[in-house]
Every structure is written in structure tokens, then in C-alpha cells.
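Take a look at the structure set out below.
No lab work stands behind these numbers, since they all come straight from the coordinates. The structure presented is a predicted model; accordingly, all values stated were derived computationally and were not measured. Neighbour counts are summed over all protein chains in view; Cβ atoms, including those assigned to glycine, are modelled from backbone coordinates with ideal geometry.
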Amino acid sequence: MQQNQDIKGFTLLELLVVISLVAIISAVAYPNFSSWKKEREVRSATEKIAGMISNVATQTQRGNFSYSQFWVLPVPNQSTVFFTKGMKKNNFTSLINSGATPTCRRVQSGHWDSLNDKKINIMGTTFRDYYEVYDPESGIDNIEVATHLSLDSAICFGTNGSYYKAVNGLSKGSNTNINIEGAPTANYIIICTLDNAKAFGNKCPRKLGLERPAYLVKWSRFGNVTKYKWSGSDWNRQ
């Protein structure tokens, strides 16, 4: 009887061995899973950001908007929030006829067309009159990402490339040129993990200190976008 019990049961030593093996496997696997998760999240955020730029620019080229905006809003110690806004023909024509020049205004509400009844509250401030909004931390995945910008900044598109404007941190005077595929450009935004950004004043470093995963989105004045992935030393087209 005792022999049968020994065969069917675990000894304490065997149980400790199993627990140790599980702990070792978990310790080896978790860093890989964590790295994979961060890569997936930053890539997903990059796809969304690139899609927002492309979408609002395409709507402008098609004539659905006469003027449009992609707005980057850094939030202290949280993920950056992204908006697109649009101005239809009547509003844009009135603006031009008044003698004003489109200046890519960054406002919580008004100025741009009210395209829906949606609103979002960020740090106690209500934002309205947007076409799309992307708050990475509001989704199911609770994605934490940042950009290389410390100031709220924007780019604006007009039909056929007219009235293109980049303001604040995305202006040519502020957005330091980066060599992409051998050519310098100031039309870009870098996306990295929020943890990486927090080590550099809540903004992604442009090169030194930039950790993987990190991505870059480049655009033209017509809204054509190209995505790049940080290899650790250079940007590779995706």
C-alpha cells in the first residue's frame, strides 16, 4: 500500500522542483512578453496617428474640407492626445473674405466647424468641434505613449497643398531637421513609450537616449505619410 502511494503522489522535493521550474520559465518569458506588448502598443499608436493625418488631409484634397488640422496636445505625466479638425467651404470662404489668413489656430472649441456633438475632457478642460480624437490611455489597452514635443503643436492642410502651415513645436524653426533616407526634413513626429519620455522631460529624445520601440511619422504638405521604425541607431522605412 505504501509503495502505491509513493508512485501516485508527489514528494515535497518534487513539488519544490516543479515550482522552481515554473518560476524560471516565467522569469525568462515575462521580459519577452513585456517587450512584445510595448512594441505592439507603440506600433498601434503610430498606425492611428499616421491614419489621422492621412485621413484629414485626404478629406481636404477631396474637397470635404477646405482647411484641416492635426493637433498634438502633450499632457503632463500622461499620454499625448491627438485631434484632427476640419473647416468646410462656407466657414473657410467667410474667413478669407474677411481678409484673414488661415493660421492653424489651436483652440478647445470654435473657429473650426462643429462636425459632431462629441466632446472630451482633458485635465479639467472640455474640447469640442473636432473630427477625430485619439487619447491612447482611454482605450481598452490603456496605451502609454508620448512624442518629442513638449508644447501643443499642429499642422494644417489646404487643398492642393495651399495654406500648409506647421506651428509651435512642429514649425520649421522649432522642429530640428532629421535625416530620413539621406534627406533632411522637419515634417515629422516621433512616438515612443511614456516611460522613455519621462526620463527626458516628458518628451521622446530625437536620437541619443531614444529607446526601442519608437516610431516616426513623416508627411508632405499634401498629407502623404510615411512611417519609420527606430533600429537603435537609424530610422528604417516600414
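Charges were assigned to the Cβ only: +1 to each Lys and Arg, -1 to each Asp and Glu. The resulting dipole of the chain about its Cα centre is roughly 980 debye. 3J(HN,Hα) couplings calculated from phi for the stretch 123-130 with the Karplus curve 6.51 cos²θ - 1.76 cosθ + 1.60 (θ = phi - 60°) are, in sequence order, 6, x, 10, 8, 10, 9, 6, 10 Hz; Gly and Pro show x. Rounded to the nearest 10 degrees, the angle from helix 12-61 to the longest Cα principal axis of the chain is 10 degrees. In loop segments of the stretch 159-231 as defined by DSSP, the trypsin sites (Lys or Arg not before Pro) with at most 14 further C-beta atoms inside 10 Å of their C-beta are Lys172, Lys207.
As a length-normalised measure over Cα pairs under 8 Å and 6 or more apart, the relative contact order of the chain settles at 19 percent. Whole-Hz Karplus values for the stretch 233-238 come out as 9, 7, 9, 10, 4, 9 Hz, taken residue by residue from phi with 6.51 cos²θ - 1.76 cosθ + 1.60 and θ = phi - 60°; glycine and proline positions read x. Near Ile53, within a Cβ-to-Cβ distance under 13 Å, what is the net charge of the other residues, with Lys and Arg +1 and Asp and Glu -1? The answer is +3.
Remark: the stretch 69-78, residue by residue, has Karplus-estimated 3J(HN,Hα) of 9, 10, 10, 10, 10, x, 10, x, 6, 9 Hz, where x stands for each Gly or Pro and the curve is 6.51 cos²θ - 1.76 cosθ + 1.60 at θ = phi - 60°. The residues neighbouring Thr176, those whose beta-carbon lies less than 12 Å from its own, together hold a net charge of +3 under the Lys/Arg +1, Asp/Glu -1 convention.
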